[in-house]
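Reading through the structure tokens given below for one structure.
Derivation of every value follows stated rules applied to the coordinates shown; laboratory data play no part. What you are looking at is a predicted structure, and each value in this text was computed from that prediction instead of being measured. Note that we place each Cβ from the backbone using ideal geometry, even for glycine, and neighbour counts take in every protein chain shown.
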Amino acid sequence: MGLFNRQVKKKTESGNGKDNGNAPNGHDTNGHDVPPAPEKAEGGAELFDVKTSETMGDRAGNLLREKSPHAIKALMPWLDKARSGPEGRAEFIDKTKEVAWVQADNTVRAISAGMGIADTRAFFRGDPPIEKPNPRYKVHVNAFFAHLRPKYYEKASTKFSHTFALGYLSIYMFMLETITGVILMVFYTPSDRRAYEDIVKIMSSIPYGQLMRDLHRVGAELMVLIVVLHMTRVFLTGSFKPPARGFTWLTGVVLLILTFALSFSGYLLPWDQLAYWAVTIGTSMAKSVPPKEIVGYFSNLIMRGGDTINQNGLLRFYLMHVFALPAITLVLISVHYYRVARSHGISLPAAEEEDPDPAVRKAAKERIDYLPELFTRELLWAAITTFLVVVYSAFVFHAPLQEHSNPLHTPLHTTAPWYFLWIQGLLKDAFVLPAIRALDQTIISAVKFIGVQMPPGSTILVPFYDSPAWMGVIIPTMIIPALFLGVPYINEWWEKFWGSKPSRQLLKNRKGTVVVAVISTIFMLVIWYQGTPFYGVTAPPAVEIGQAFLPEEGVLPPVPLVPDDWGPIRRLGYENLPDGEYDLAEYAVPKTTYTEFERILSAIQQEIMRRGQLWETGDHEHGLPEPTGVFTIEQWQPNGLKRIELQINWTKTTPSDTGEFKRVIYLQQDARYQ
Ligand code: HEM
């Protein structure tokens, strides 16, 4: 009670809570006027005195005046007037509207980081700014995300046909991956015992889990595609050329490598056969880095965490995928975009920048504000892309999931992910080894010609040629620095050397560039094709027939974003597969009256007969002697499981030949294969 009394007393005596002891002479220690202190009451009765000096109403009014927000304080004098009659009331209402408007305007300015109500309205209507100086520029200073963007662009650089918004879409995909990735992370454990089970759970029992996984997969494939296309457009429009764009290109190349690394590190996480073997193939390329015994051995060990991929490898890939690589990519994107936004802007289309007519050049450089023109355009792009990606993930493409990883069983025709197929193609070595062999033969013939005798089958150059090292590591890592990192610098040097006028127009004085680009694209396409299972890989003929109609696992097409193929039998579905034993020879002649199932049986028989003909024409690698086939479907469990068997027999040609091949699959009633 004593404390309470003292506090109230202080407040009322000094008016500012400070008892300065000078109140009786009307000045505080600083010489300021202070109200006269009330006379001291008997000990302990000060509170009582204060209460009696003002009415409750006055005290409440004073307190309200003192503590109210600014807007209410501003209305106080008009409140008094409002009591005086209808005129005062009308004035009070007008003043209230005025104060409320100012208040709302200030709030909108705070939220929009600079624009008032009128300007926000004009902004959304697409009208020019109302105030001067342009409050939309203020937003670029005040707001974090807006400050990352330039205030305006040069008009011609924003043409869709110049950039195809590919840089913007690359950032969009990175954000999509971050959001969907964080959601997936919540339900995923990076453990070799839990990972596969968690993915199955995400797909089957987490609400929208399947969609999140599909979106993440579609986004990853699109990001690789879009970044490559963005680089191609920058190259074709000559936008890597000076001034200042060389370093931007350089940061871009690092981003390209990071994009591959992000996608590849995510590949392992489902821990299914596809993941396990694709990553085993990918990491085995590192084994060949020369000198193999040191660098190759250790880089493979560091990546896999052991001789083969196991729990250590999974954890390493997981941490790279969710932490290290996204963090580095974010930093690099910031540097890359900072250069575009602050250092040099987006290049102008070369034809307009180099146009002899000054009017065209001037029009190209006309300013176009980011807010609202480009901002609304970007929103539209985000909406369209989100719609397309969601529809594609929901109805067309589902991220593949095969059987649980099995280190003891390599699936047939397994490959690296599609964006590394070109390296796999190089590893198959269709060019260099044959060329070295031919050179070897020429040298040996020359040596023989001068009289030196060499034992038959001798080689000179071939033993020095370490194929996996050259093909899997040296050539790809030479292509990256030479073709990519060096592009702006080689180009600058080249132009200086020839003293040519640097032009960015593709068909003007960049004809050499076009030739190099076309040749490298054709070369890349050829080696990429060689990396697919269609080139240079054949299983025994009967196995190939089984794989075509009843593949062991879904076969991932070598092009991105196409659903994996589970073969015609699984696609036909449980209900359309009648139980029975079918002698395929009875379906040798295709008939229009066949059901879908019979048509497939007939197609299998055609393939068996084709293999028989190949044998007869002497192609013993792809043909089979007198092959026959039987197809059997039986109910394996009464509650909806069928056993499906394709058996192919042929005449034995060697003692080790079994003369028989069987492919068995089990099909569950609820399984749906597209
Ligand atoms: C994650 C990957 C990447 C992101 C997020 C990204 C983002 C962007 C953005 C937003 C722009 C503005 C212009 C536009 O939209 O086209 C841009 C421009 C540019 N990018 Fe990238 N980029 C990436 C990868 C690359 C790569 C791989 C290269 C080349 C090797 C590259 C080189 C450039 C250059 C030179 C510019 C300036 C272009 C001009 O002035 O017209 N970027 N980038």
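Assorted remarks:
- Dmax and Rg, reported as Rg then Dmax, of the range 393-450 (C-alpha, Å): 21.4, 72
- Amide H contacts under 5 Å for L556: D565, restricted to partners 5 or more places along the chain or on a different chain, H placed in the peptide plane at 1.01 Å from N.
- Each part gets one Cα centre, and for the range 610-661 versus the range 103-138 those centres are 76 Å apart.
- Karplus-derived HN-Hα couplings along the range 220-233 (A = 6.51, B = -1.76, C = 1.60, θ = phi - 60°), whole Hz, x at Gly and Pro: 5, 5, 5, 4, 4, 4, 5, 5, 5, 5, 4, 5, 4, 5
- Pairs of alpha carbons in the range 429-512 whose separation is greater than 20 Å (percent): 59
- Centre-to-centre, using Cα atoms only, the range 362-417 and the range 498-544 are separated by 24 Å.
- Partners of K97 within straight-line reach, counting aspartates and glutamates whose Cα lies under 18 Å from its Cα and excluding those fewer than 8 residues away in the same chain: D80, E87, D105.
- Over all distinct Cα-Cα pairs of the range 541-668, the Kirkwood formula returns a hydrodynamic radius of 15.6 Å.
- Here the mean projected area of the convex hull built on the C-alpha positions of the range 189-292 is 9.5 nm².
- For the chain: relative contact order, % (alpha-carbon pairs under 8 angstrom, 6 or more apart): 11
- Short to long, the 10 Å bins of the Cα pair-distance histogram for the range 131-215 hold 14, 26, 22, 18, 15, 4, 0 percent of all pairs.
- Distance-filtered residues of the range 68-107 - backbone nitrogen under 14 Å, label point 7 angstrom along I130 Cα→Cβ: 101-107
- The aspartates and glutamates within cross-link reach of K151, meaning a Cα-to-Cα straight distance under 12 Å and a gap of 8 or more places when in the same chain, are D369, E373.
- Residues S405, S500, S191, S602, sorted so that the one with the fewest Cβ neighbours within 10 Å comes first: S500, S191, S602, S405
- Between amide H atoms placed 1.01 Å from N, distances below 5 Å from W636 occur with L641, K642, R643, all of them 5 or more places distant or on a separate chain.
- Spin-label zone in the range 98-124 - amide nitrogen under 13 Å from a point set 7 Å from the Cα of S68 along the C-beta vector: 99-100
- Binned Cα-Cα distances of the chain, short to long, each 20 Å bin given as a whole percent: 12, 32, 27, 17, 9, 4, 0
- The residues neighbouring T251, those whose beta-carbon lies less than 13 Å from its own, together hold a net charge of +2 under the Lys/Arg +1, Asp/Glu -1 convention.
- The local environment of F92, defined by Cβ-Cβ distances under 13 Å, has a net charge of 0 under the rule Lys, Arg +1 and Asp, Glu -1.
- For the range 62-112, fraction of C-alpha pairs farther apart than 12 Å, in %: 66
- Exposed GluC sites (Glu not before Pro) absent - longest run of the chain, DSSP non-H/G/I/E/B, at most 11 other C-beta within 10 Å: 43-365
- For T617, the shell of other residues with beta-carbons less than 15 Å away shows a net charge of -2, using +1 for Lys and Arg and -1 for Asp and Glu.
- Percent RCO, i.e. relative contact order, over the range 541-668, from Cα pairs under 8 Å lying at least 6 residues apart: 22
- Each residue of the range 507-522 was assigned a 3J(HN,Hα) from its phi angle through the Karplus curve 6.51 cos²θ - 1.76 cosθ + 1.60 (θ = phi - 60°); the sequence is 9, 8, 10, 10, 5, x, 4, 4, 4, 4, 5, 5, 4, 5, 5, 4 Hz, with glycine and proline shown as x.
- For the range 373-396, the residues whose backbone nitrogen is under 13 Å from a point 7 Å from the Cα of F145, taken along Cα to Cβ, are 375-376, 378-380, 382-383.
- Rounded to whole Hz, the Karplus (6.51, -1.76, 1.60) HN-Hα couplings of the range 368-383, x for glycine and proline: 10, 5, 5, 9, x, 4, 6, 4, 5, 4, 5, 4, 4, 4, 4, 5
- Calculated FRET efficiency for the pair I257/D105, C-beta based, R₀ 45 Å, to 0.05: 0.35
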